[in-house]
1. Would you say N58 is closer than 30 Å to Q162 by Cα and open to solvent by 70 Å² or more (accessible area, probe 1.4 Å)?
2. Looking at D205, D209, D138, can you tell me which residue is over 17 Å from V249 (Cα atoms) and touching a Ser or Thr at 6+ places or on another chain (Cβ under 9 Å)?
3. Kindly list, by first and then second residue, each pair from a residue in the range 204-231 that is over 30 Å from E161 (Cβ atoms) and in contact (Cβ under 8 Å) with a residue 12 or more places away in the chain to a residue that is open to solvent by 40 Å² or more (accessible area, probe 1.4 Å) and of a type in the set (V, I, T), limited to pairs with Cβ atoms under 6 Å and residues at least 6 apart or on different chains.
4. From the residues in the range 107-133 that are open to solvent by 40 Å² or more (accessible area, probe 1.4 Å) and touching a Gly at 6+ places or on another chain (Cβ under 6 Å), which one is modelled with the highest pLDDT?
5. Within the range 242-281, how many residues are free of Cβ contacts under 8 Å to residues at least 60 places away in the same chain, of a type in the set (G, A, S) and open to solvent by 10 Å² or more (accessible area, probe 1.4 Å)?
6. Given the conditions (1) open to solvent by 40 Å² or more (accessible area, probe 1.4 Å); (2) closer than 30 Å to A201 by Cβ, which single one is not true for I297?
7. Quickly run through the range 159-179 and pick out the residues that are buried (at least 21 other Cβ atoms within 10 Å of the Cβ) and assigned to a strand (DSSP E or B).
Amino acid sequence: MKLATLKSAQRDGALVVVSRDLTRCIEVPEIAPTLQKALDDWSLCEEKLQTVYRALNNGTLANAQAFDQGQCHSPLPRAYQWADGSAYINHVELVRKARGAELPPEFHTDPLIYQGGSDSFIGPKDPMVVPDESFGIDFEAEVAVITGDVPMGSSLSQCAEQIRLLMLVNDVSLRGLIPAELAKGFGFFQSKPASAFSPVAVTPDELGDSWKDAKVHRPLNVYLNHRPFGRPEAGVDMTFDFAQLIAHVAKTRELEAGSIIGSGTVSNKQGGLWGSSIDNGGVGYCCLAEVRMYETIEQGKPSTPFMHYGDRVRIEMTDAEGNSIFGTIENEVMPL
């Protein structure tokens, strides 16, 4: 099943069921006016939404409308929880290696997770508004899950059972602000502005065999200014799966329905020149910081700039036949 939120006069938008091919949709206020409401009452709403989804794909709904990704907000325009992990240790190791620091052994057994701002997200086609180019503007292409209610202390299997939906993420980062914030010993805040999520959130069954072991096993495609930038495999080199990430967060607290847990920047281990970029035969990267890390390691300093006003990032994942699964995130950097 595929679900989205259309922008409306209401802060949380209007829930729509979207056809598998992303061409048609239909509002379902009689089932749930918003995605959060559907998640709150998932046991009552899921089968009703699935019935609409089947009819939409069969072409038997006369009142369906064309689906316009440009009219979408992030599936949850705001959420009760947005916790982003760093499940790809290759990415973490590169960050530390570039500054001459070793990776602590516990990083392989204990996930890194920060609590992001969830009171507002930007739409998948909305601009990344940044007050100053000197802040070191970067994108981070990731996968995320939306959970149901997760009790404190839930087991891995219980956490996996509470994965309701999957999305893609552009976790915007302001790299120039991160070092000073982390040096205070209290985590990110100004360096992590609002994130953007894919137009469509999908139930795990939509991925078929590409969803297994609580991981998404498909390449994540990233384009910078319309040129291929990255296509790493999301299921490869993911040290902690989504069940493990959820269990880590739920160790000391409940997670309420509608909580979002991110994978962190998707990153595959690779060798060769700078990692290696797609131009050099590699799988490329899901953020600018990573290629800058490779450049620093191999050349002594980075040569790839961070984003400027007018630059555009595009993030998408396709199925084995080349069809878009989640729709496309496409954000342009703009000044405040």
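The values are calculated or read from the model by the stated rules, or taken from the named source; none is laboratory data. In this text, all values refer to a predicted model and were calculated from it rather than measured experimentally. Cβ sites come from the backbone with ideal geometry, for glycine too, and all protein chains shown count toward neighbours. Keep in mind that these areas ignore ligands, DNA and RNA; they rest on the heavy atoms of the full protein, side chains included. Shrake-Rupley method; radii C 1.70, N 1.55, O 1.52, S 1.80 Å.
1. Against the criterion (closer than 30 Å to Q162 by Cα and open to solvent by 70 Å² or more (accessible area, probe 1.4 Å)), N58 qualifies.
2. Only one candidate qualifies: D138.
3. Pairs that qualify, where the first residue is over 30 Å from E161 (Cβ atoms) and in contact (Cβ under 8 Å) with a residue 12 or more places away in the chain and the partner is open to solvent by 40 Å² or more (accessible area, probe 1.4 Å) and of a type in the set (V, I, T), are R231/V283.
4. Ranking the candidates gives K125 first.
5. Count: 4.
6. Unmet condition: (2).
7. The answer is R164, L165, L166, M167, L168, V169, N170, S173, L174.
Table: residues versus (1) under 17 Å from the mean Cα position of the chain (by Cα); (2) assigned to a helix (DSSP H, G or I); (3) within 24 Å of G70 (Cα to Cα); (4) charged (D, E, K, R).
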{"position": "A243", "(1), (2), (3), (4)": "yes, yes, no, no"}
{"position": "T265", "(1), (2), (3), (4)": "yes, no, no, no"}
{"position": "S276", "(1), (2), (3), (4)": "no, no, no, no"}
{"position": "E295", "(1), (2), (3), (4)": "no, yes, no, yes"}
{"position": "Y309", "(1), (2), (3), (4)": "no, no, yes, no"}
{"position": "E330", "(1), (2), (3), (4)": "yes, no, yes, yes"}
{"position": "V333", "(1), (2), (3), (4)": "no, no, yes, no"}
